[in-house]
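Q: Below is the structure I would like to discuss, written out as structure tokens.
The values are calculated or read from the model by the stated rules, or taken from the named source; none is laboratory data. Nothing here was measured: the structure is a model prediction, and the numbers come from that model. Neighbour counts are summed over all protein chains in view; Cβ atoms, including those assigned to glycine, are modelled from backbone coordinates with ideal geometry.
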Amino acid sequence: MVRNAIRGLPHAVLLAAAATAYPEIAGAQSVMNCAERSQVIEFLARQYAEKQAAVGLINQQAVMELYAADSGSWTLIITDVSGRSCVILAGKAWETVIPVGPKV
């Protein structure tokens, strides 16, 4: 199950980057769930008990954040410099992997 999640990660990152780089195309093809970052985070915490699990800089205009819950639900959001966040992907069966063994 973890391998499948890792294999899908590059696709998620590419999708997130594409949605940020070309928001008019992404918006035309699907409905994006966007709101102020504080509202999105409050909703994820209230509705799914999700907390920030990871964050990464996409470029100087956007940040990608992953929220996950102990129940296994997870949500990937993109936040731009204006504070607007959009839900890009969501799913189930999130697992936090703790690295074991020597560092490579």
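Q: Quick one: ALA54 ticks every box in (1) under 18 Å from LYS92 (Cβ atoms); (2) among the aliphatic types (A, V, I, L, M); (3) more than 12 Å from the chain's Cα centre (by Cα) except a single one, so which number is it?
A: That leaves (3) as the condition not met.
Q: So in region 78-104, with the set limited to residues that are without any contact (Cβ under 8 Å) to a residue 60 or more places away in the chain, touching a strand residue (DSSP E or B) at 6+ places or on another chain (Cβ under 6 Å) and of a type in the set (Val, Ile, Thr), which one is surrounded by the most Cβ atoms within 10 Å (Cβ to Cβ)?
A: THR79
Q: Please state which of the following conditions ASP70 fails to meet, knowing it meets all the rest: (1) at pLDDT 90 or above; (2) farther than 17 Å from GLN47 by Cα; (3) of a type in the set (Asp, Glu).
A: Single failed check for ASP70: (2).
Q: For region 72-94, which residues satisfy the criterion of being over 9 Å from the mean Cα position of the chain (by Cα) and of a type in the set (A, V, I, L, M)?
A: Hits for region 72-94 are VAL81, ALA93.
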